[in-house]
Each structure stands twice: as C-alpha cells, then as structure tokens.
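Reading through the structure tokens given below for one structure.
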C-alpha cells in the first residue's frame, strides 16, 4: 500500500488504519476488503451452503416419497 493512498474497505468503509488487515486488488479505486468483512463473507457463504444442502435433501426426500406412491399405485 503506497504512502499517500488510504485504502477503504469497499464493503464497510473502514480505513486501512482502522482494520486489522486489508486486501486491495490494484489501486485504491479497485476492490478492497478488510479482514472483518472477509469473515462475514465466509459466514454468509457457509450459511448459504447449509441452506442449499437442506433444500436439496428435501427435494430428494420429496422425490423419493412421490416415486414410492407412484409405484404403489402402479401395482
């Protein structure tokens, strides 16, 4: 990070002096993210993955139940 440039997190606005760590891609006008926002993003993606896994499991169970009913009716 260069001398006069003050980087700000693109997500929460914290400056590099306020953040524990900050990651900048390119210059100060490019994407910048602080370590706290990285943690928040990881949490959001982990929660989303859990929700999607539950939805997928529900769809598989529903298909199995419907398939079982169709088989019984066919017999």
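The values are calculated or read from the model by the stated rules, or taken from the named source; none is laboratory data. From a predicted model like this one, the values you see are computed outputs, not experimental measurements. Using ideal geometry, Cβ is built from the backbone for each residue, glycine included, and neighbour counts are taken over all protein chains shown.
Summary of values
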{"item": "Condition check for residue 38: surrounded by 11 or more Cβ atoms within 10 Å (Cβ to Cβ), in a helix (DSSP H, G or I) and at pLDDT 85 or above", "result": "yes"}
{"item": "Candidate set: region 15-29, residues that are in a loop (DSSP other than H, G, I, E, B) and within 20 Å of the chain's Cα centre (by Cα); chosen: the one modelled with the lowest pLDDT", "result": "25"}
